[in-house]
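Nothing in this text is a laboratory measurement; each read-out follows from the coordinates by a stated rule. None of these values were measured; they are calculated from a predicted model. When we count neighbours, we look across all protein chains shown, and the Cβ atoms used for this are built from the backbone with ideal geometry, even at glycine.
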Amino acid sequence: MKNWFSQELKSLKEKNLYRRLRILEDPQGTHATFEGREFLLFCSNDYLGLSRHPRVIRAAQKALKTYGVGAGAARLISGTSKAHAALEKKLAQIKGKESALVFASGFLANLGILTAFAGEQDVIIMDKLCHASLVDGARLSKAELRVFPHKNYKKCEELLRGSQGARRRILVTETVFSMDGDLAGLKELVCLKKKYGALLVVDDAHGTGVLGAHGRGATEEGDLSKKIDIIMGTLSKALGGLGGFVAADKIMTDILVNFARPFIFATALPPVLCEAAREALCVVEEEPSLRKRLWDNIRQVHQELTQLGLSIGKPESAILPVMVGDEGEAVEVFEKLLAQGVFIPAVRYPTVPKGKARLRITVSAAHTRQDIARLTVAFAKVLKK
Ligand SMILES: Cc1ncc(COP(=O)(O)O)c(C=O)c1O
């Protein structure tokens, strides 16, 4: 048996797909020590630096005294506190929806949405680059999963047209694609949803706190929040904590409370994290300078690396992937950057398709101009070698 497992791992190593955990010592947000050396990190999804914001920490400390560390039970048992209710009210308001429901993680929220709203008689139509949690949710739901090429809405329409016999058609996209950093065409998808009477689910994990005039996410502009049926997001990226949520009509969140197994059968998100997330949402609203700094940093990183000749897509979000292609080469670039004191993981299959390995840079408002200059110098040195 053991031999079989070591063969599996050996085969991963041969393909440059082996992964291992790295313990970061003294993490300081954008900096950490690793194996005794100090590193600059461009890999966290803490886009606004809120995980360490004094207001967020104070809110968490206060909640710890009131609620303790854990929730003690699932939401439907004794795991729902005032902290959950207050956070859900705030999320519903920010997302422009009647109701919101918090899950213990974003991954669980996606599993919950797709398994609760889709079943054997339904068809789920999904962008090819959707996150693993959406793919797994679709598989678990037993609905037929049909995938359209990335942002190819013509093909998406063909799939909608070809599935008219289904009980329900559920159209699924991310707003900001997590490994490419580009944006979905939400307006096109809203048109298709209307035309074919489909249910539109959008995952705004990487848009919440980053996009929109007030940081409310990708659905803030153009009344999109009203036109999209289900908006999912996480508390674990720009909001700096942990947890997932769904914002939708009350009838939809009622369905989730009654049918979403990852909601029903998992211990609730600790109230301390609810209070931290609620304060983080207030900071997003009240301190727009953080978002401005994030966007200044995104543009600066993009400009400096593009000037070095690196191919990075348009700066549409805080995710700026430097495409490499070959898995082995990506690991090599990662190691070379590490030698320069910069930590940017090489993202490989199965997170991205085979042969599309990349260095996924994520930018934060917490990065300084000196951090960005150090990143540029590190890349310049790697390119010269
Ligand atoms: C697009 C997307 N959806 C969902 C998730 C899962 O969210 P969480 O990390 O809160 O479980 C992620 C996280 O990697 C993500 O990138």
*Would you mind checking LYS62/LYS128; LYS90/LYS155; LYS227/LYS292; LYS97/LYS292 for any pair whose Cα atoms are more than 31 angstrom apart?*
LYS62/LYS128; LYS90/LYS155
*Using packing as a proxy for protection, rank 157-167, 268-278 so that the peptide with the highest average count of other Cβ atoms within 10 Å comes first.*
268-278, 157-167
*Counting only DSSP beta bridges with both residues in the chain, tell me the antiparallel percent, nearest 5.*
55 percent
*What length, rounded to one decimal in nm, is gained on full extension from GLU98 through to ASP326, with 0.36 nm per residue of separation minus their alpha-carbon distance?*
77.5 nm
*Taking the simple approach of a point 7 Å from Cα along Cα-to-Cβ for both LEU12 and GLU286, what is their distance in nm?*
4.4 nm
*Which length gain, in nm to one decimal place, applies between LYS82 and GLU120 when the Cα-Cα distance is subtracted from 0.36 nm times their residue separation?*
10.0 nm
*Rounded to the nearest 20 Debye, what is the dipole magnitude of region 52-286 about its Cα centre when Lys and Arg each give +1 and Asp and Glu each give -1 at the C-beta?*
280 debye
*Hand me the trypsin sites (Lys or Arg not before Pro) from region 1-74 located in a DSSP loop with no more than 16 other Cβ atoms within 10 Å, in residue order please.*
LYS15, ARG19, ARG20, ARG22
*Compare the Cα positions of PRO270, THR175, LEU160 along the charge dipole of region 52-286 (+1 at Cβ of Lys, Arg; -1 at Cβ of Asp, Glu; about the Cα centre) and return the one farthest towards the positive end.*
PRO270
_Equivalent ellipsoid, the chain (semi-axes from 5 times Cα gyration tensor eigenvalues, Å)_ = 32, 26, 22
*Using only the Cα atoms, work out Rg/Rh for region 180-233, with Rh taken as the Kirkwood radius, to two decimals.*
0.96
*Using +1 at the Cβ of each Lys and Arg and -1 at the Cβ of each Asp and Glu in region 1-79, identify which of PRO27, SER78, LEU64 lies farthest towards the dipole's positive end.*
SER78
*Tell me, in nm to one decimal, what length is gained between ARG58 and ASP223 on full extension, where the rule is 0.36 nm per residue of separation less the Cα-Cα distance?*
56.0 nm
*asked:* Test of understanding: extend the Cα→C-beta vector of ARG20 to 7 Å, then name every residue of region 336-355 with backbone N under 16 Å from that spot.
replied: 336, 338-339, 346
